[in-house]
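Student: To start, I am sharing the structure in question, which I have written as structure tokens.
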Amino acid sequence: DGRLTFYPGNQTVDLPFINFMKRYGTVFLNAYTNSPICCPSRAALWSGLFTHLTESWNNFKGLDPDYVTWMDLMEKHGYHTQKYGKLDYTSGHHSVSNRVEAWTRDVDFLLRQEGRPMVNLTGDRKHVRVMEADWRNTDKAVNWIKEKAINLTQPFALYLGLNLPHPYPSPYAGENFGSSTFLTSPYWLEKVTYEAIKIPKWSSLSEMHPVDYYSSYTKNCTGAFTKQEVRNIRAFYYAMCAETDAMLGEIISALRDTGLLKKTIVIFTADHGELAMEHRQFYKMSMYEGSSHVPLLVMGPGIKEQQQIPNVVSLVDIYPTMLDIARIPVPQNLSGYSLTPLLCGKAENEVSSRGPRPSWVLSEFHGCNVNSSTYMLRTDKWKYITYSDGRSVLPQLFDLSDDPDELTNVAIKFPVIVRSLDKILRSIVNYPKVSSSVQEYNKRQFISWKQSLGQNYSNVIGNLRWHQDWLKEPKKYENAIDKWL
């Protein structure tokens, strides 16, 4: 959650290396994902293109494997490149369950999909390495810096992708368990200031926007939660952020120890945030701030120190920025704009040949746990969210300066603002058309999957994550699918 990198969010947990980057670099106060889920978001980051252009519709469908990323171009232009850890931009390699949920999200039924979010404390006050796989990848990156980078004659680009902070799979519901355990150790939990944790306000279920209700239901969050449960989920999530910060620290320390820190640009960001029980949801897949607002910090030679940038930016800006830093010509077809002028504290008029950076960012979502394609346009103080064809589902409008917690939809109150934001959105993307092509894609994918299983398909679905509901009334659900098709 990007809001943890500046005040007041950063009061809840100690993140020393994020703070180090702020002291010696620049923090973006309004950075957003272009799609609040792993694979489509990473596809945007690696391609510099909006989701409707990459057609990365869900966690299973990302970039074509031969797509030329910014790292490929840097390698072509003489950079030594190295990648460790989670990449997830061609396919998220997620379970069949996850795919079927994405394809059938607009079938007219509700099935509980996730395990209820919960917390789990492991180890003792000395237990530092909770997410072992991430630590192993961090160690690899550190060793590479100390053994390889230090001896290179050419410049390098090193990428480290982490899983944390991400709820862990809970293996209590068969093969396709819901990923829903916030897991940490006492060592990290001690970095969290419990008194500073805000308990989010929830609307009653009857007042919820219909798409939010669907998300809350499929994430198993419509039941009763005590304040203590909610506070714990949030605290454990912040503790997982502290563990992530320590991995960032390992990289910064390795660069410092090798004398490379002063001549290396370091960028820290994320593919999406975590709702951690805001708006009666956990996970992401939402345009609310907890899910769509990402951290973005940059430090290094030429980067202005202690700078806080209020401009709205997004992950598609990473591609042109990387090329700009490497002095490689930036392709003209990109959705993003280089952040270099902002990072160096230059006036906005000293800009690229493409003209000034737009005053908006776009995010869109077409995957599971949300029963309608979703589009978000964020401008100065407004966040406009519209769904599907723009008519069949009511839009949302939030004034973030007045209502940072996004509790009051003011779309009906400000029809002129809604019309003008919708006009801008339609000039960027013909969203009713995109929504309709995603629906067609979902049906095609489902049909070919169904045909590959023959007579057995209902039984297979019955054993996916939603199996308990399906097996109770298979005929009812089969009919709903047939009607949808």
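Student: Taking the range 199-216 as the region of interest, how many residues are touching a residue at least 24 places away in the same chain (Cβ under 8 Å) and either under 18 Å from residue 290 (Cβ atoms) or in contact with a helix residue (DSSP H, G or I) (Cβ under 6 Å, 6 or more places away or on another chain) (or both)?
Tutor: Result for the range 199-216: 12.
Student: Only one of (1) crowded, with 24+ Cβ neighbours inside 10 Å; (2) under 17 Å from the mean Cα position of the chain (by Cα); (3) modelled with pLDDT of 95 or more fails for residue 295. Which number is that?
Tutor: In the conditions (1) crowded, with 24+ Cβ neighbours inside 10 Å; (2) under 17 Å from the mean Cα position of the chain (by Cα); (3) modelled with pLDDT of 95 or more, residue 295 misses (1) alone.
Student: Still on this structure, please answer the following. How about the range 388-410: which of its residues are open to solvent by less than 10 Å² (accessible area, probe 1.4 Å) and either more than 24 Å from the chain's Cα centre (by Cα) or over 17 Å from residue 312 (Cβ atoms) (or both)? Give the steps one after another, and end with the answer.
Tutor: Of the range 388-410, the ones open to solvent by less than 10 Å² (accessible area, probe 1.4 Å) are 396-398, 406.
Passing the criteria: only 396.
Student: Check the range 94-111 and report whether any residue there is over 23 Å from residue 366 (Cα atoms) and open to solvent by less than 50 Å² (accessible area, probe 1.4 Å).
Tutor: Looking only at the range 94-111, we keep the residues that are over 23 Å from residue 366 (Cα atoms), and these are none.
No, that holds for no residue.
Student: Restricting attention to the range 432-485, which residues are open to solvent by 40 Å² or more (accessible area, probe 1.4 Å) and in contact with a Pro (Cβ under 9 Å, 6 or more places away or on another chain)?
Tutor: Matches in the range 432-485: 459 only.
Student: Next question, about the same structure. Answer yes or no as to whether residue 66 is out of contact with any strand residue (DSSP E or B) (no Cβ under 6 Å at 6 or more places or on another chain), among the charged types (D, E, K, R) and farther than 30 Å from residue 152 by Cα. Can you show your working first?
Tutor: Numbers: out of contact with any strand residue (DSSP E or B) (no Cβ under 6 Å at 6 or more places or on another chain): yes; among the charged types (D, E, K, R): yes; farther than 30 Å from residue 152 by Cα: no.
No.
Student: Same structure, new question: Which strands (runs of 3 or more DSSP E) does the range 363-448 wholly contain that include 1 or more residues that are within 16 Å of residue 57 (Cβ to Cβ) and among the β-branched types (Val, Ile, Thr)?
Tutor: Working: elements: 374-378, 382-387, 396-399.
Ranges flagged: 374-378.
Student: Using beta carbons and a limit of 7 Å, which pairs, at least six apart or on different chains, have the first residue in the range 229-249 and touching a residue at least 12 places away in the same chain (Cβ under 8 Å) and the second one of a type in the set (Lys, Arg)?
Tutor: These pairs meet every condition: 239/191; 242/191.
Student: Taking helices (runs of 4 or more DSSP H) that fall entirely within the range 56-172, which contain at least 1 residues that are within 30 Å of residue 474 (Cβ to Cβ) and basic (Lys, Arg)?
Tutor: Working: elements: 70-76, 96-103, 132-147.
In the range 56-172, 96-103 are the helices (runs of 4 or more DSSP H) which contain 1 or more residues that are within 30 Å of residue 474 (Cβ to Cβ) and basic (Lys, Arg).
Student: Identify, from the list 456, 479, 430, the residue that is free of Cβ contacts under 8 Å to residues at least 12 places away in the same chain, over 19 Å from residue 368 (Cα atoms) and under 28 Å from the mean Cα position of the chain (by Cα).
Tutor: Details: 456 fails: under 28 Å from the mean Cα position of the chain (by Cα); 479 fails: under 28 Å from the mean Cα position of the chain (by Cα).
Sole residue among the options that is free of Cβ contacts under 8 Å to residues at least 12 places away in the same chain, over 19 Å from residue 368 (Cα atoms) and under 28 Å from the mean Cα position of the chain (by Cα): 430.
Student: Output the qualifying pairs, or none if there are none: Cβ atoms under 6 angstrom, residues six or more apart or on different chains, first residue in the range 149-170 and among the β-branched types (Val, Ile, Thr), second residue surrounded by fewer than 20 Cβ atoms within 10 Å (Cβ to Cβ).
Tutor: Every condition considered, the pairs that remain are 150/258.
Student: If you go through the range 275-289 one residue at a time, do you hit one that is under 22 Å from residue 408 (Cβ atoms), open to solvent by less than 10 Å² (accessible area, probe 1.4 Å), in contact with a Gly (Cβ under 7 Å, 6 or more places away or on another chain) and in a loop (DSSP other than H, G, I, E, B)?
Tutor: yes
The values are calculated or read from the model by the stated rules, or taken from the named source; none is laboratory data. Remember, it's a predicted structure, so these values are computed and weren't measured experimentally. Positions of Cβ are backbone-derived with ideal geometry, glycine not excepted, and every protein chain shown enters the neighbour counts. Keep in mind that these areas ignore ligands, DNA and RNA; they rest on the heavy atoms of the full protein, side chains included. Shrake-Rupley method; radii C 1.70, N 1.55, O 1.52, S 1.80 Å.
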